[in-house]
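Below is one structure, written out as structure tokens; comments come after it.
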């Protein structure tokens, strides 16, 4: 998405998708949510990505820093994000990788690489939903229409149309541990 026309099309798709999200939320709760930073986070990323792709690296980093300071979203300027992706609550959302079209990033979620081998960044397919607190780490491929549940950490590839849920909590009894130690 290096061209100005492609960036404008992506911004238009982002606005359309965000208005659909607000309308769906209004139908459920009775009033639409006030999301001033949702569109601004994606707009600033689109500008930073455009600048980065066209060789204006320092300007891209400046827009990236403004995005972090104003909206709280840490979206790398080198990353590619498809049209129609929304971040309803951008504070504490981190995106470093490739994201398909019509994805949803809910609060406190993120995708990114690992500091240990294998090095690389995640690739998300179209229509992926990341619930609050979920993470995708490393060079992983997440299929189309995947829903990653809350507080999940994905470190493996995921096929299309999957639902990822966190493992059940295990209860460890202190009485059983004391009996085993004696």
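Let a ≥ b ≥ c be the square roots of the eigenvalues of the Cα gyration tensor of region 4-167; is it rounded (a/c under 1.5), or, if not, prolate (a/b larger than b/c) or oblate?
Because a/c hits 1.5 or more and a/b fails to exceed b/c, region 4-167 counts as oblate.
Tell me, in nm to one decimal, what length is gained between residue 145 and residue 165 on full extension, where the rule is 0.36 nm per residue of separation less the Cα-Cα distance? Before the final figure, lay out the partial values.
Values: separation 20, 0.36 × 20 = 7.20 nm, distance 1.46 nm.
Extending this stretch completely gives an extra 5.7 nm.
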Take 146, 136 and order them by how many other Cβ atoms sit within 10 Å, fewest up front. 146, 136
Residue order, fewest to most beta carbons within 10 Å, for 64, 4, 56: 4, 56, 64
Residue with peak Gaussian network fluctuation, the chain [Cα springs, cutoff 10 Å], from 135, 44, 119: 119
Report, in degrees rounded to the nearest 10, the 0 to 90 angle that the Cα long axis of helix 57-71 makes with the longest principal axis of the chain. 60
Measure nothing but the geometry: give the 0 to 90° angle between the long axis through the Cα atoms of 36-53 and the longest principal axis through the Cα atoms of the chain, rounded to 10°. 70
Point-to-point label distance, residue 25-residue 62, nm (Cα→Cβ direction, 7 Å offset): 3.2
Least to most buried among 28, 101, by other C-beta atoms within 10 Å and fewest first, runs 28, 101
Nearest-ten-degree value, helix 4-29 long axis tilted from longest Cα axis of the chain: 50
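Read-outs throughout are calculated quantities, based only on the coordinates presented, and are distinct from any laboratory measurement. What you see is a predicted model; the values in this text were computed from it and never measured. Cβ sites come from the backbone with ideal geometry, for glycine too, and all protein chains shown count toward neighbours.
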